[in-house]
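Structure record follows, encoded as structure tokens.
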Amino acid sequence: SSKWGRVMAILKELDDNCGTPLGKLRQVADAMTVEMHAGLASEGASKLKMLISYVDNLPTGDEHGLFYALDLGGTNFRVLRVKLGGKEKRVVEQEFDEVSIPPELMVGTSEQLFDYIAEALAKFVATESEGLHPEPNKQRELGFTFSFPVKQTSIASGTLIRWTKGFNIEDTVGEDVVAELTKAMLRKGVDMRVTALVNDTVGTLAGGRYYKEDVIAAVILGTGTNAAYVERASAIHKWHGPLPKSGEMVINMEWGNFRSSYLPLTEYDIALDEESLNPGEQIFEKMISGMYLGEIVRRVLYRMADEASLFGDTVPSKLKTPFILRTPDMSAMHHDTSPDLKVVASKLKDVLGIPNSSLKVRKIIVDVCDVIASRGACISAAGILGIIKKLGRDTLKQGENQKSVIALDGGLFEHYAKFRECMEDSLKELLGDEVAETIVIEHSNDGSGIGAALLAASHSQYL
Ligand code: ADP
Ligand code: MG
């Protein structure tokens with residue numbers, strides 16, 4: 001019937017516009033490398049902020065003592081304490097707790113958000129078990145992982161450039177987030193000092209390096225997406241301070257804000273962006289990360305319902321609700337291996353209020369999920385290739401036995417198997433077999449929390 005003709009036409013158009021042939025991915029990778037250079041050259045020269053992290057030494061294994069970490073991501077925040085025992089013993093003990101952030105706090109006031117965090121921290125401190133107390137007369141020290149763009153002014157201070165993901169709290173922008181947290185801790189009676197402020201990518205890089213010396217970069221694929229890597233300090237032309245002894249500096253790319261005319265952008269992405277909390281910003285992130293993938297799929301299905309009556313004569317009302325289809329639900333449908341696609345059927349019913357779907361309809365849904373997830377995975381791979389190229393590790397050097405490990409973390413990478421596999425396959429294909437042998441993608445499970453604690457240790461006031 002003409003209904004199916006229309007549906008298939010919309011699907012084909014989507015597939016065409018989301019295409020990521022190798023040539024295009026190479027252009028994306030090269031554009032990423034170019035922007036990296038520009039962002040390092042001078043302030044404001046690129047969409048990539050290429051933020052200086054003030055981390056010029058990564059963990060060595062010698063870190064010692066009790067340290068706290070607090071990880072404010074997008075959906076949850078985690079509090080963690082670890083007892084570090086040096087090279088031999090490493091992480092002797094650790095305890096953590098996870099708290100979700102009430103949505104109203106993401107768009108409320110700065111004081112409300114930081115009070116809520118400090119309160120959770122106070123509760124967590126109260127549960128210190130035997131052997132996990134600070135030494136007498138020593139203040140507790142904290143590594144603060146804050147996964148939003150911050151202009152650091154030192155290892156333990158930095159001002160918020162802007163919120164991303166679902167956050168929008170005007171009075172925090174331009175403020176020192178460590179000062180905000182410290183004031184809240186004072187109000188809530190938490191006696192603790194922030195000794196390191198780190199982006200989650202930087203934390204993940206530090207956590208990865210603690211266990212493996214070959215870790216050179218970290219990428220987060222979670223609610224949002226971002227990357228950090230180790231740069232030669234002399235290559236950071238916008239840095240006018242003294243060069244660090246190590247000769248190195250970790251750069252927080254803020255790659256979520258990357259954009260390029262080579263990115264396969266569709267009408268759905270453009271509409272999503274226009275209606276978002278941060279129009280014009282984080283375009284790469286909006287094509288890749290967990291906050292948005294399900295929402296792109298919803299927009300495609302909405303058009304299929306509206307223009308081709310995919311779900312009958314009227315558009316199901318729930319399908320009109322932005323962000324109702326979450327990426328974990330999309331992922332569950334995408335991975336449905338039952339012959340009659342019963343996971344798809346139940347998600348359509350439970351999430352979108354669409355009962356009695358035909359198998360033909362369910363198959364279309366899986367196809368849409370596949371197109372959107374694959375595109376995100378492929379351009380993530382291209383981004384990683386961009387970093388590898390910037391470091392000159394995309395070619396083999398005669399006589400050198402070089403290995404490069406990239407630490408990956410985030411809920412999307414961890415739980416969306418098809419996304420992860422597609423990304424890894426795409427990166428291999430881009431690198432070619434020989435070079436691919438030297439590049440390792442490694443899951444760094446909650447590396448950012450441990451990483452922040454490690455950086456808190458190496459910047460302790462008691463050293
Ligand atoms: P954050 O990025 O907020 O620090 P995480 O790294 O834990 O937090 O990532 C959480 C995100 O991961 C969720 O917002 C969701 O988009 C994505 N996610 C979680 N579970 C799944 C899943 N099963 N399939 C796909 N994506 C998932
Ligand atoms: Mg996180």
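Return the total of residues in segment 239-293 being among the basic types (K, R) and within 28 Å of E170 (Cα to Cα). Steps first, please.
Pass one, segment 239-293, residues among the basic types (K, R): 245, 259, 286.
Filter again for within 28 Å of E170 (Cα to Cα), leaving 259, 286.
Here the count works out to 2.
Which of the residues belonging to segment 406-456 are part of a helix (DSSP H, G or I), in contact with a Gly (Cβ under 9 Å, 6 or more places away or on another chain) and charged (D, E, K, R)?
Within segment 406-456, just E414 meets the criteria.
Quick test of your reading of the structure: E63 fulfils all but one of (1) more than 16 Å from ligand 2 (Cβ to nearest atom); (2) free of Cβ contacts under 8 Å to residues at least 60 places away in the same chain; (3) over 24 Å from G280 (Cα atoms); (4) acidic (D, E). Name the failing condition by number.
(2)
Being surrounded by fewer than 20 Cβ atoms within 10 Å (Cβ to Cβ) and within 20 Å of G19 (Cα to Cα) narrows it down to one of E434, E421, so name that one. Quick ask: steps written out before the conclusion?
Details: E434 fails: within 20 Å of G19 (Cα to Cα).
Answer to the check: E421.
Answer yes or no as to whether K151 is within 25 Å of V219 (Cβ to Cβ), basic (K, R) and away from ligand 1 (no atom under 16 Å from the Cβ). So that I can check it myself, show each step before the final result.
Numbers: within 25 Å of V219 (Cβ to Cβ): yes; basic (K, R): yes; away from ligand 1 (no atom under 16 Å from the Cβ): yes.
Spelling it out, K151 is indeed within 25 Å of V219 (Cβ to Cβ), basic (K, R) and away from ligand 1 (no atom under 16 Å from the Cβ).
Picking from P322, P279, P328, P316, which residue would you name as being modelled with pLDDT of 95 or more and within 16 Å of ligand 2 (Cβ to nearest atom)?
Sole residue among the options that is modelled with pLDDT of 95 or more and within 16 Å of ligand 2 (Cβ to nearest atom): P328.
Of the residues that sit in segment 315-340 and are part of a helix (DSSP H, G or I) and away from ligand 1 (no atom under 16 Å from the Cβ), which one is farthest from A377 (Cα to Cα)? So that I can check it myself, show each step before the final result.
The initial filter retains those residues of segment 315-340 that are part of a helix (DSSP H, G or I), namely 317-320, 327-334.
Those left that are additionally away from ligand 1 (no atom under 16 Å from the Cβ): 317-320.
On the way: S317: 30, K318: 28, L319: 25, K320: 26 Å.
Among them, the one singled out is S317.
It is to be established whether one or more residues within segment 272-290 are of a type in the set (G, A, S) and part of a helix (DSSP H, G or I).
Taking segment 272-290 and keeping what is of a type in the set (G, A, S), we get 276, 280, 289-290.
Subset that is part of a helix (DSSP H, G or I): none.
No; the residues of segment 272-290 include none that is of a type in the set (G, A, S) and part of a helix (DSSP H, G or I).
Those residues that are polar (S, T, N, Q) and either out of contact with any helix residue (DSSP H, G or I) (no Cβ under 8 Å at 6 or more places or on another chain) or more than 24 Å from S458 (Cβ to Cβ) (or both), I need them from segment 81-129; list them, please. Write out each step before concluding.
Let us first name the residues in segment 81-129 that are polar (S, T, N, Q), namely 94, 100, 109-110, 112, 127, 129.
If the condition is that a residue be polar (S, T, N, Q) and either out of contact with any helix residue (DSSP H, G or I) (no Cβ under 8 Å at 6 or more places or on another chain) or more than 24 Å from S458 (Cβ to Cβ) (or both), then S100, T109, S110, Q112, T127, S129 are the ones that fit.
Can A41 be described as outside the structural domain of S147 (by TED's automatic domain parsing), more than 16 Å from ligand 2 (Cβ to nearest atom) and more than 22 Å from the chain's Cα centre (by Cα)?
yes
Under the condition of being buried (at least 17 other Cβ atoms within 10 Å of the Cβ) and among the charged types (D, E, K, R), which residue from segment 169-182 is farthest from T127 (Cα to Cα)? Outline the logic, then answer.
Step one: of segment 169-182, the residues buried (at least 17 other Cβ atoms within 10 Å of the Cβ) are 169, 172, 176-178, 180-182.
Filter once more, so that each one left must be among the charged types (D, E, K, R): 176, 180.
Working: D176: 29, E180: 24 Å.
Top of the filtered list is D176.
Of the residues S338, S374, S309, S357, only one is among the polar types (S, T, N, Q), closer than 26 Å to L263 by Cα and in contact with a helix residue (DSSP H, G or I) (Cβ under 9 Å, 6 or more places away or on another chain); which? Lay out the reasoning, then the answer.
Values: S338 fails: closer than 26 Å to L263 by Cα; S309 fails: closer than 26 Å to L263 by Cα; S357 fails: closer than 26 Å to L263 by Cα.
The conditions single out S374.
So, in segment 49-73, exactly how many residues are part of a loop (DSSP other than H, G, I, E, B) and out of contact with any helix residue (DSSP H, G or I) (no Cβ under 9 Å at 6 or more places or on another chain)? Steps first, please.
At the first step, the residues of segment 49-73 found to be part of a loop (DSSP other than H, G, I, E, B) are 49-50, 53-63, 73.
Now restrict to residues that are out of contact with any helix residue (DSSP H, G or I) (no Cβ under 9 Å at 6 or more places or on another chain): 54.
Number of matching residues: 1.
With respect to D273, is the statement that it is in contact (Cβ under 8 Å) with a residue 24 or more places away in the chain and either out of contact with any helix residue (DSSP H, G or I) (no Cβ under 7 Å at 6 or more places or on another chain) or of a type in the set (D, E, K, R) (or both) true? Lay out the reasoning, then the answer.
Details: in contact (Cβ under 8 Å) with a residue 24 or more places away in the chain: no; either out of contact with any helix residue (DSSP H, G or I) (no Cβ under 7 Å at 6 or more places or on another chain) or of a type in the set (D, E, K, R) (or both): yes.
Taking the combined requirement at face value, the residue does not satisfy it.
Is it true that I379 is within 16 Å of ligand 1 (Cβ to nearest atom), within 18 Å of E267 (Cβ to Cβ) and hydrophobic (A, V, I, L, M, F, W, C)? Give the steps one after another, and end with the answer.
Details: within 16 Å of ligand 1 (Cβ to nearest atom): no; within 18 Å of E267 (Cβ to Cβ): yes; hydrophobic (A, V, I, L, M, F, W, C): yes.
Here the answer is no, as I379 does not meet what is asked.
Filter segment 142-160 for residues that are in a strand (DSSP E or B) and closer than 24 Å to T75 by Cα and give the result. Break it down into steps so the answer makes sense when it comes.
Going residue by residue through segment 142-160, those that are in a strand (DSSP E or B) are 142-146, 150-154, 157-160.
Result: L142, G143, F144, T145, F146, V150, K151, Q152, S157, G158, T159, L160.
Only one of these is within 14 Å of ligand 1 (Cβ to nearest atom) and without any contact (Cβ under 8 Å) to a residue 40 or more places away in the chain: G312, G294. Name it.
On the way: G312 fails: within 14 Å of ligand 1 (Cβ to nearest atom).
G294 is the lone residue from the list that is within 14 Å of ligand 1 (Cβ to nearest atom) and without any contact (Cβ under 8 Å) to a residue 40 or more places away in the chain.
Yes or no: K397 touching a residue at least 40 places away in the same chain (Cβ under 8 Å), among the basic types (K, R), assigned by TED's automatic domain parsing to the domain that holds E35 and surrounded by fewer than 20 Cβ atoms within 10 Å (Cβ to Cβ)?
On the way: touching a residue at least 40 places away in the same chain (Cβ under 8 Å): no; among the basic types (K, R): yes; assigned by TED's automatic domain parsing to the domain that holds E35: yes; surrounded by fewer than 20 Cβ atoms within 10 Å (Cβ to Cβ): yes.
No; evaluated as a whole, the condition is false for this residue.
Do we find that T201 is within 30 Å of F419 (Cβ to Cβ) and among the hydroxyl-bearing types (S, T, Y) in this structure? Step through it out loud before you land on a result.
On the way: within 30 Å of F419 (Cβ to Cβ): yes; among the hydroxyl-bearing types (S, T, Y): yes.
Yes: the conditions hold for T201.
Might you let me know whether segment 74-86 holds any residue that is more than 30 Å from H237 (Cα to Cα), within 25 Å of the chain's Cα centre (by Cα), surrounded by fewer than 21 Cβ atoms within 10 Å (Cβ to Cβ) and at pLDDT 95 or above?
Filtering segment 74-86 for residues more than 30 Å from H237 (Cα to Cα) gives 74-86.
Filter once more, so that each one left must be within 25 Å of the chain's Cα centre (by Cα): 74-82.
Still in the list and also surrounded by fewer than 21 Cβ atoms within 10 Å (Cβ to Cβ): 75-76, 78.
Applying the additional criterion that residues be at pLDDT 95 or above yields 78.
Yes, segment 74-86 contains a residue that is more than 30 Å from H237 (Cα to Cα), within 25 Å of the chain's Cα centre (by Cα), surrounded by fewer than 21 Cβ atoms within 10 Å (Cβ to Cβ) and at pLDDT 95 or above.
Kindly establish whether V343 is within 16 Å of ligand 1 (Cβ to nearest atom) and part of a helix (DSSP H, G or I). Full working, then the answer.
On the way: within 16 Å of ligand 1 (Cβ to nearest atom): yes; part of a helix (DSSP H, G or I): yes.
Spelling it out, V343 is indeed within 16 Å of ligand 1 (Cβ to nearest atom) and part of a helix (DSSP H, G or I).
Which condition breaks for V92 when tested against (1) over 24 Å from E128 (Cβ atoms); (2) without any contact (Cβ under 8 Å) to a residue 12 or more places away in the chain?
It fails just one condition, (1).
The values are calculated or read from the model by the stated rules, or taken from the named source; none is laboratory data. Bear in mind that the values here come from a model prediction, so they are computed numbers and not experimental data. Please note: Cβ atoms are built from the backbone with ideal geometry, for glycine as well, and neighbour counts cover all protein chains shown.
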